[in-house]
Amino acid sequence: MSKSKLDLDFFKKEVYMAPKTVAIIMDGNGRWAKQRGLPRTAGHKKGADTIRTVALAAQDMGIQKLILYAFSTENWKRPEDEVSYLCKLPGLFFNKFINELMEKNIQVTFAGELEKFPKATQDVINKAVNMTSKNTGLELCLAINYGSRREMLLSIKKYADEVASGKRENDLTEEEFSKYLFVPEDIDLMIRTSGELRISNYLLWQLAYAELIFTPVAWPDFDEKALKDCLDEFASRDRRFGGLTS
Ligand code: FPP
């Protein structure tokens, strides 16, 4: 029996301990490139390949939804050539991997305001979302032009409009509020790569009871083994949700 087969058996056995929802801040592309004397865009290109590796591994490891911070509402402040490359990356990524994502039954979704992107970027993302919409495996959610404060603000505005127009009662609960967000689920595990110890306006509501892991590994170097290490660490944590250990 090959090692990878053995590893997969391990995850099938341990699946009950796998986090359902995992969010990742894919940090360190720029530093990874700089260390190699390459332009920052080379780090993003390698980072996009890492998305494929990690999505396939996440599915094998029993994760149900993987949310990746691909472009924040603050990333527009970067130099024009870098922003322009980041806008092209979804096209390059899906050209290369959409068939494999289909074969693996992976569903692509996104969280954020797509409208601000060039039409070509919007089209490519919408196409991937539509193509994979019936898939029932891992949900691969790209947080793109996403910011958590903006997400909450938009949700509150939408709710207030619905109340003002008589569409709903003024009876909001935490559970109901979650449904207005781009990402309605609570996050079980949040990983940030490349050593920075910040949340950076990511899923502030949804991370309320998430386990947090900050790894020094740069995103382009993050792989199956790095993900497995994070899941091992997650499995060793005692999650109490404000209560007492059972
Ligand atoms: C942070 O690293 C990374 C980003 C802002 C972009 C992340 C995007 C990808 C990995 C690819 C997206 C691909 C698709 C298909 C949507 P950084 O540039 O801030 O790194 P640094 O802190 O080392 O400078």
### Query
Summing +1 for each Lys or Arg and -1 for each Asp or Glu, what net charge is found among the other residues whose Cβ lies under 10 Å from the Cβ of L203?
-3
### Summary
Computed about the Cα centre, the charge dipole of the stretch 134-227 from +1 Lys/Arg and -1 Asp/Glu charges at the Cβ has a magnitude in debye, to the nearest 20, of 420 debye
### Magnitude of the charge dipole, the stretch 89-128, Cβ model with Lys/Arg +1 and Asp/Glu -1, debye to 20
60 debye
### Summary
Eigenvalues of the alpha-carbon gyration tensor of the chain, times 5 and square-rooted, give semi-axes in Å, largest first, of 28, 25, 19
### Query
Which of the GluC sites (Glu not before Pro) found in the stretch 121-190 are loop residues per DSSP with 13 or fewer other Cβ atoms within 10 Å of their Cβ?
E169
### Task
Express the relative contact order of the chain as a whole percentage, based on alpha carbon pairs under 8 Å and six or more residues apart in sequence.
26 percent
### Greater than 21 Å apart at Cα, pairs in K77/K158; K65/K104; K116/K158; K46/K96
K77/K158
### Length added when fully stretched, N126-K225, from 0.36 nm per residue minus Cα-Cα
32.5 nm
### Message
Given axes a ≥ b ≥ c from the Cα gyration tensor, I'd like to know whether the stretch 43-136 is rounded (a/c under 1.5), prolate (a/b larger than b/c) or oblate.
### Response
prolate
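No value in this document is a laboratory result; all are computed from the given coordinates. Keep in mind the model is a prediction, meaning the values are calculated, not measured. Every residue, glycine among them, receives a Cβ derived from its backbone with ideal geometry; neighbour counts consider all protein chains shown.
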